């Protein structure tokens, strides 16, 4: 699971539902990870949102996404949120 905060003013409201496919970028790096949020609840900007994710690319190395890893949520060049990896 992941905990996420959608706080950037680029977005007027956070996404919700099942078809949101941004990228994760681990803070301090430039590598993009393709993911899909699953069952995002609707919530105001700045509130915690917990969601499972799906890793999108077979063969990609997602091993850096370990418990406690801080990440940015990006849409293109825009940072639209941030979060931390929480493992079940």
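The criterion of at least 3 residues that are under 12 Å from the mean Cα position of the chain (by Cα), surrounded by 12 or more Cβ atoms within 10 Å (Cβ to Cβ) and touching a residue at least 40 places away in the same chain (Cβ under 8 Å) is met by the following strands (runs of 3 or more DSSP E) wholly inside the stretch 1-69: 2-5, 23-26, 48-55. Among the candidates 62, 32, which residue alone is over 16 Å from residue 80 (Cα atoms) and modelled with pLDDT of 85 or more? Just one listed residue meets the conditions, 62.
Out of curiosity, is residue 82 touching a strand residue (DSSP E or B) at 6+ places or on another chain (Cβ under 7 Å), assigned to a strand (DSSP E or B) and loosely packed, with under 12 Cβ neighbours inside 10 Å? Here the answer is no, as residue 82 does not meet what is asked.
The values are calculated or read from the model by the stated rules, or taken from the named source; none is laboratory data. For clarity, every value in this text was computed on a predicted model and none was experimentally measured. Glycine also receives a Cβ, built like all others from the backbone with ideal geometry; neighbour counts cover every protein chain displayed.
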